């Protein structure tokens, strides 16, 4: 079961990385749109997500349509939208085409992510918190494999070549997961839908923590390519740094899961978050050409990401299981708060960079580059400190693993 989970996680992650990391440069350089335009488009798409993610979770929890059917619909939509964005030239106005394909991609991605995480709750429901953390370790290890593919292949094959390979990965993952989709043998006993989940203080607190903790990753993911190529001047070298970053996350994911089972998720989360803050603390001092220094940042922050990827979704899954709440509705909300962090980044950081005069791919002045540094390094540290404060304030029942 766990290898199949890993393959499916890789498929989802390989789509997520281009959306969050490559999209800003792809849209501005390849499609000729401005950062301000992209920020407005992403904000609009995220507003759509705010409504649809909980609705998708509620819809997939309803009996009638088999879970595997929903998964098939999502796979077709993700593959088609991904090819439309990266595999072919826009048909018509670039902005209109971008909005259309992103709507298809984001809706399909949301549907599959909600189904996948909710199915994880069902698969290990009888195994206790330890089973949730083991599944999370396998899932996030697969996630990193997909991320590494997404980091390597666009450089090696170009975006169109990567889009073609991705279509094959969708087919492989769909067949790998086909026999695992089910609704389980029992229904939740604490009520159904979003209201039942939000009525629990434990669930509300974990959702708030997920929102705040996702924001630093949203910032650094969005600005990563800009910082490497435009601030450090390491043009064409983003791929190796991404490999190092996500390899560290993937290799550390099972170790973080094991540590959480031994010492508790709260203590281990604090270690991971502190490591993230320390890793980015010295980024402000990096100058052009500082490849070795940035590699150290990627190493430390990659290890820290491994903790985030494993522990918070697993804590949320444990809570859903123990409170006997619906997995689809629950992870619809979880997906919502994750995307809300990306919407805030799109609405604030990208337009502010545009206002500061930063333009990717050209020679920027010192003020514009300083604004990029503040956004990439200082803002994530501030947000991570806020996440640490929330972890310290976790209700006792939310700390248990």
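May I ask you to verify whether residue 133 is more than 17 Å from the chain's Cα centre (by Cα), closer than 18 Å to residue 7 by Cα, surrounded by 14 or more Cβ atoms within 10 Å (Cβ to Cβ) and at pLDDT below 75? Yes; evaluated as a whole, the condition is true for this residue. In region 102-123, the residues that are in contact (Cβ under 8 Å) with a residue 12 or more places away in the chain form Cβ pairs under 6 Å with partners that are outside any helix (DSSP H, G or I), at six or more places apart or across chains, as follows: 122/184.
Table: residues versus (1) crowded, with 24+ Cβ neighbours inside 10 Å; (2) under 21 Å from the mean Cα position of the chain (by Cα); (3) over 29 Å from residue 6 (Cα atoms); (4) without any contact (Cβ under 8 Å) to a residue 24 or more places away in the chain.
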{"position": "311", "(1), (2), (3), (4)": "yes, yes, no, no"}
{"position": "316", "(1), (2), (3), (4)": "yes, yes, no, no"}
{"position": "329", "(1), (2), (3), (4)": "yes, yes, no, no"}
{"position": "348", "(1), (2), (3), (4)": "no, yes, yes, yes"}
{"position": "353", "(1), (2), (3), (4)": "yes, no, yes, no"}
{"position": "358", "(1), (2), (3), (4)": "yes, no, yes, no"}
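When we screen 210, 239 for residues that are under 30 Å from residue 28 (Cα atoms), buried (at least 23 other Cβ atoms within 10 Å of the Cβ) and in contact with a helix residue (DSSP H, G or I) (Cβ under 6 Å, 6 or more places away or on another chain), the only hit is 210. If I filter region 138-159 for residues that are in a helix (DSSP H, G or I), modelled with pLDDT of 85 or more and on the phi < 0 side of the Ramachandran plot, do I get at least one hit? Within region 138-159 (the criterion being in a helix (DSSP H, G or I), modelled with pLDDT of 85 or more and on the phi < 0 side of the Ramachandran plot), the answer is yes, since at least one residue qualifies. Confirm whether residue 321 is farther than 18 Å from residue 379 by Cα, part of a helix (DSSP H, G or I) and either at pLDDT 80 or above or more than 18 Å from the chain's Cα centre (by Cα) (or both). Against the criterion (farther than 18 Å from residue 379 by Cα, part of a helix (DSSP H, G or I) and either at pLDDT 80 or above or more than 18 Å from the chain's Cα centre (by Cα) (or both)), residue 321 qualifies.
Assessment of region 286-293 against the conditions (buried (at least 20 other Cβ atoms within 10 Å of the Cβ) and either in contact with a helix residue (DSSP H, G or I) (Cβ under 8 Å, 6 or more places away or on another chain) or assigned to a helix (DSSP H, G or I) (or both)) yields no matching residue.
Residues in region 24-53 that are free of Cβ contacts under 8 Å to residues at least 60 places away in the same chain, surrounded by 14 or more Cβ atoms within 10 Å (Cβ to Cβ) and within 16 Å of residue 108 (Cα to Cα): 2 in all. Surrounded by fewer than 16 Cβ atoms within 10 Å (Cβ to Cβ), at pLDDT below 85 and part of a helix (DSSP H, G or I) - does that describe any residue in region 54-70? Yes, there is a match, as at least one residue in region 54-70 is surrounded by fewer than 16 Cβ atoms within 10 Å (Cβ to Cβ), at pLDDT below 85 and part of a helix (DSSP H, G or I). Criterion first (crowded, with 23+ Cβ neighbours inside 10 Å, modelled with pLDDT under 75, under 24 Å from the mean Cα position of the chain (by Cα) and not in a loop (DSSP other than H, G, I, E, B)) does residue 336 satisfy it? When the stated conditions are applied, residue 336 does not pass them. Do we have residue 372 as in contact with a helix residue (DSSP H, G or I) (Cβ under 9 Å, 6 or more places away or on another chain), under 20 Å from residue 25 (Cβ atoms) and crowded, with 20+ Cβ neighbours inside 10 Å here? So residue 372 fits the description; yes. Out of everything in region 75-90 that is part of a loop (DSSP other than H, G, I, E, B) and touching a residue at least 40 places away in the same chain (Cβ under 8 Å), what residue ends up being nearest to residue 16 (Cα to Cα)? Looking at the filtered set, the residue picked out is 88. Pull up region 222-235, narrow it to residues that are surrounded by fewer than 19 Cβ atoms within 10 Å (Cβ to Cβ) and either part of a helix (DSSP H, G or I) or without any contact (Cβ under 8 Å) to a residue 12 or more places away in the chain (or both), then point me to the one that is farthest from the chain's Cα centre (by Cα). So, considering only residues that are surrounded by fewer than 19 Cβ atoms within 10 Å (Cβ to Cβ) and either part of a helix (DSSP H, G or I) or without any contact (Cβ under 8 Å) to a residue 12 or more places away in the chain (or both), the one farthest from the chain's Cα centre (by Cα) is 235. Of the helices (runs of 4 or more DSSP H) lying entirely inside region 341-401, the ones with 1 or more residues being at pLDDT 80 or above and within 18 Å of residue 215 (Cα to Cα) are found at 366-373, 379-392. Does residue 7 meet the test of being farther than 30 Å from residue 325 by Cβ and either under 21 Å from the mean Cα position of the chain (by Cα) or part of a helix (DSSP H, G or I) (or both)? So residue 7 does not fit the description; no.
The values are calculated or read from the model by the stated rules, or taken from the named source; none is laboratory data. Fair warning: this is a prediction, and the values are worked out from it, not measured in the lab. Ideal geometry is used to build each Cβ from the backbone, glycine not excepted, and the neighbour counts take in all protein chains shown.
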